[in-house]
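Contents: one structure, followed by commentary.
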Amino acid sequence: MSPIPPDAALLDSLRIALAPSYLYIKFIHLFFVMIWGWSTAVAYSWYVKGAFLRWEKNPRDAQAIQRRNWAIEQFDKGVVLEHIAFPIILVTGPLLYFIGPWNLDFKWLLAKLAIVLLIFIPMEVCDYWLSHFGGNKEKLRRRNLPEQYERAIHLHWQFLKISTPLIIVFMPAVVFLAVTKPF
Ligand code: HEM
């Protein structure tokens, strides 16, 4: 019998060492999936969307513009929870995959990972930039860059209009796949 290559042996011993923590890691995975999935729902649905739809109806209304700006600047801050949760999900998920009996023959996991790689990760990369980096509205306002500020607000609103239906469909889909493992 050919000896087990040292790397494989190392991975095996790591897997055995981590196995007793599987459910704790799954708890962390699931807990941060809840934060990721829901932490911005109320703010978006009741503050941001309302303010932007009112502004779209009256684009020159000073009060509508002021309320829009306030809502999106607050939203940039509130999305921090979601953006702390996402990397934790992306670490704990592969850990569960590594420790558990999983491989890509499990079609539910393949479908789930396709959604994560093709939709969630590209979407979050845009969201990180729009909320915390070049697109952060408060930073642009403090640096007195009104044109970039206005452009960033328009861009973020377009992004939210595209990403919200994707979240509404694919977030429950991923949770359904992971919990029911239908195929
Ligand atoms: C935003 C992305 C993700 C969401 C919303 C999500 C959601 C979930 C949920 C709800 C569960 C619990 C299933 C149950 O209790 O039976 C779960 C478990 C699991 N997830 Fe994720 N997950 C995500 C990313 C990932 C990634 C990137 C991987 C990487 C391989 C992964 C691998 C797993 C595995 C292996 C399990 C354990 C299944 C079990 O023990 O029953 N997840 N995920």
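Derivation of every value follows stated rules applied to the coordinates shown; laboratory data play no part. As the structure is a computational prediction, the values presented were derived from the model and not from experiment. Cβ: placed from backbone, ideal geometry, glycine included. Neighbour counts: every protein chain shown.
Across the stretch 140-153, computed HN-Hα scalar couplings (Karplus, 6.51 cos²θ - 1.76 cosθ + 1.60, θ = phi - 60°) run 5, 5, 5, 7, 6, 10, x, 5, 4, 4, 5, 5, 5, 5 Hz from first to last residue, x flagging Gly and Pro. Using a simple spin-label model with pseudo-atoms 7 Å out from Cα toward Cβ, PHE31 and ALA43 lie 2.1 nm apart. Note on the stretch 6-180: lysine pairs with Cα distance below 29 Å, sequence gap of 8 or more or different chains, count 20.
Considering only DSSP states other than H, G, I, E and B, which trypsin sites (Lys or Arg not before Pro) in the stretch 43-141 qualify as loop sites with at most 11 other Cβ atoms within 10 Å?
Numbers: sites: LYS49, ARG54, LYS57, ARG60, ARG67, ARG68, LYS77, LYS107, LYS112, LYS137, LYS139, ARG141; in loops: ARG60.
Taking the stretch 43-141 and a limit of 11 other Cβ atoms within 10 Å, the loop trypsin sites (Lys or Arg not before Pro) found are ARG60.
Short-range pairs are left out: with C-alpha atoms under 8 Å and at least six residues apart, the relative contact order of the chain is 25 percent. Using the average count of surrounding beta-carbon atoms within 10 Å as a protection proxy, the listed peptides 32-38, 114-120 rank, highest first, as 32-38, 114-120.
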